[in-house]
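Data first, discussion second: the structure below is written as structure tokens.
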Amino acid sequence: MSKPEQPRTTGSTPAGWPAALAWLLAWAAMFALDGRTDLGNQALLLVLASAVAALWWSPLPSMLACATAVLAFNYAFVPPRGTFAVGLEQHVVLLATMLAVSWIVALLMARQRRLVATVRRHFARAERLRAFGEALRDVDDPRARGPALRDALSGLTGAASTLVLVPAPPAVASDASRCELIGEAGADEKAGLWLSLRESRALGPGTGRYEEQPAWYLPMRGRGASSGAALLRIGPGLADAAATRAQAQALCDQMGAALERADALHAAAAAGEAARTQALRNALLAAISHDHRTPLATILGAASSLHDQDDRLTPPQRRRLAATIVDEATQLARLAENTLQLARLDAPGLVLPMDWESAEEIVGAVLRRARQREPSRPIGARVAHGLPLLRCNAVLVTQLLDNLVDNALKHGDGAVEIEARADADRMVFAVEDRGPGVPPAWRSRMFDTFERIGPGPETGAADGPGRRGAGVGLALCRAIARAHGGEIAYRERDGGGSCFEVVLPIATTPDEASGPAGRGSAQC
């Protein structure tokens, strides 16, 4: 345990030998100059020795040494020599002046040493506050600095200290059993800590409350309430108790302000997360209510026609109505799946279930589903030779590529191609088409939620069934890519068209999974 902070004492220091040396040299010089100069010049040497000695000795030893030196000077140099008698009045003045000046110098030096000691104590206290403030700044939760505060308080008093800290929200601060205790404390001491914490007031000697206690109980005060309390047992020989208590209270208040600030930041982050969650819910509800209305109305109209006019409809008309119901229901299912999946991926703390998957199988599954939806469109795939296994969630990656292919089929013309290749430690999936592309004005926000490129002169597209969607498809693609530690990007193809590239990291393949990794190149 560190020793308590003490002011410098006024006794002579262990290094007082320079003072004795100064006196010895002064007397040697006076004897050497005896008979060569007058008494006034010799007396100046004695005054010089007293001033030098006062740098090391405290006032009482310095003043005693000066008085002894003046008597010895009178005996050795002032006529009549060898006696303490003074023959001339001017010699009395000389001796009195020597003694007065020597004492004044000794007192002034002592006062300067006390001032220096006070400045050093103040600097040490300020440095302690600064260092503790920097320690609090470097942590997210100031409660982790509780042991450092305990050590600092113990160093002030020279006795063991104990802290109690209110738990972080959402714990109940009024529950004493949930508070963190750092150090040892008896039942009465715990009661004192809890009283100081609850009332945000100091207890103990010099505080005006419970003066008979042998320790201080100091709250860790913030702007609103206290976030903890400290028990400082007063060690033996503690000097300047009021200043020590003020220093300890400043350290405790520093911790209290840091705890209050950390809890406020935690509450603000929680409120912000709740606001974002609520905003996402509202946006999802708005998207569902708006973009699901059209396919529901179409399904309802086609089903009503089949129900009410079945006997008047020809077989081709029934097939067209049934196909309309199937198409609109498929579109509605896709909208609902994309919207709900985006909501799940935006949830905080999401951990995806992943496994080792084959890129060829993922691309094959996407290709089969796309050809079933659009059997008349040319859809191909290029898979590089010897691709490693990819650690991912196959359902989500398949949905990502499926959304990109569906987007290319809706907005592009001609063939659609799916590519899979390895690029260093990354797996690259690309979906390419020969459509009109994405205007430059939309490329910076095309992956934002509920952003949908509408009809107009800059897009070169007209409104129609092919333009349906809630604006969550590309946003979901980006969310899936980022959930896997990857990214999605758009680039314009040479000769016209769009290319969406999804880059996912390739993890180290386990030994037992390395066998199926090498497969031949596929061209579908």
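List of remarks:
- Sulfur and carbon atoms: percent of accessible area, the range 118-224 [1.4 Å]: 51
- Solvent-accessible surface ranking, highest first, for Asp423, Asp308, Asp433 at 1.4 angstrom: Asp308, Asp423, Asp433
- Since only Leu136, Thr118, Gly146 are under comparison, the one whose Cα sits farthest along the positive direction of the charge dipole of the range 110-154, derived from C-beta charges on Lys, Arg, Asp and Glu, is Thr118.
- Stokes-Einstein translational diffusion, the range 123-245 - Kirkwood Rh over all Cα pairs, 0.890 mPa s, 25 °C, in µm²/s: 164
- Shape call, the range 393-435: gyration tensor on alpha carbons, a/c limit 1.5: oblate
- Most to least accessible of Arg245, Arg371 (protein chains only, probe 1.4 Å): Arg371, Arg245
- Highest average packing first - 378-386, 266-274, Cβ atoms within 10 Å: 378-386, 266-274
- Here the label points at Asp355 and Glu374, each 7 Å from Cα along the C-beta direction, are separated by 3.0 nm in the simple model.
- Accessible area expressed per residue, the range 352-429, with surrounding protein chains retained (probe 1.4 Å, Å²): 42
- Across the options Tyr210, Leu231, Ala250, the greatest Cα extent toward the positive end of the charge dipole of the range 114-257 (unit charges at beta carbon of Lys, Arg, Asp, Glu) belongs to Ala250.
The values are calculated or read from the model by the stated rules, or taken from the named source; none is laboratory data. Being a predicted model, the structure only gives us computed values, none of them experimental. Cβ: placed from backbone, ideal geometry, glycine included. Neighbour counts: every protein chain shown. Heads up: the accessible areas ignore ligands, DNA and RNA and are worked out on the full protein's heavy atoms, side chains in. Shrake-Rupley method; radii C 1.70, N 1.55, O 1.52, S 1.80 Å.
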